[in-house]
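Colleague: Structure below; questions to follow.
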């Protein structure tokens, strides 16, 4: 499975097209993971992009959830009904559907962020606020998570 890292400032054009950086596209082995991306609502009002293989794995994981669990059903409905397959054109651009533009409050300037197994797309102003918040709490969050054994140490 592809591992995504880094952050990239990009712009969305008037046709809602966004160029996915080649460094990100090169992380995906299209033969094993498929081409294009699934764009989904992300947490914290960003968008998440998954490779087709990873999206299939997520789908299989949630399919196994007990359908009598109301929270699981609600999450599945929202997540999957608001997910869409998008393909890259010859210039490496995807078209972001209007519902996703609205969900994440995207305008022209966006930040594309590699977050391990997914890519997040943030409105640049929103990202600046989140990044400032994260920078302030990074050390304390790391200490809390590592000391609790929730994460392996760096």
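Colleague: Pick from 45, 71, 108: which is most flexible by mean-square fluctuation in a GNM of the chain where alpha carbon atoms under 10 Å apart are linked?
Modeller: The residue that fluctuates most here is 71.
Colleague: State, as an integer percentage, the relative contact order of segment 7-123 based on alpha-carbon contacts under 8 Å between residues 6 or more apart.
Modeller: Working: 181 pairs, mean separation 47.1, N = 117.
About 40 percent, as a whole number.
Colleague: How high is the FRET efficiency from residue 35 to residue 147, r the C-beta distance, R0 30 Å, rounded to 0.05? Mind dumping the intermediate values first?
Modeller: On the way: r = 42 Å, r/R0 = 1.39.
Using R0 = 30 Å, I get an efficiency of 0.10.
Colleague: From zero up to wherever the largest Cα-Cα distance of segment 45-141 sits, split into 10 Å bins and tell me the percent of pairs in each.
Modeller: Spelled out bin by bin, segment 45-141 gives 13, 38, 33, 16, 1 percent.
Colleague: Let me ask you something else. Given the options 137, 22, 59, state which has the largest fluctuation in a GNM of the chain using a 10 Å cut-off (strictly under) for Cα springs.
Modeller: The residue with the greatest mean-square fluctuation here is 137.
Colleague: Among 113, 86, 130, determine the one that fluctuates most according to a GNM of the chain built with springs between C-alpha atoms less than 10 Å apart.
Modeller: 130
Colleague: Separate question: From the helices alone, meaning DSSP H stretches of at least four residues, give me the mean residue ellipticity at 222 nm for the chain, per-run term -39500 (n - 2.57), in deg cm²/dmol to the nearest 500.
Modeller: -12000 deg cm²/dmol
Colleague: Hey, quick one: spin label on residue 82, modelled 7 Å out along Cα-Cβ, who in segment 39-55 has an amide N within reach, i.e. under 12 Å?
Modeller: 40-48
Colleague: Starting from the Cα of residue 53, step 7 Å toward the Cβ, then list every residue of segment 85-120 with an amide N under 14 Å from that point.
Modeller: 117-118
No value in this document is a laboratory result; all are computed from the given coordinates. Given the structure is predicted, the values throughout are model-derived calculations rather than measurements. Positions of Cβ are backbone-derived with ideal geometry, glycine not excepted, and every protein chain shown enters the neighbour counts.
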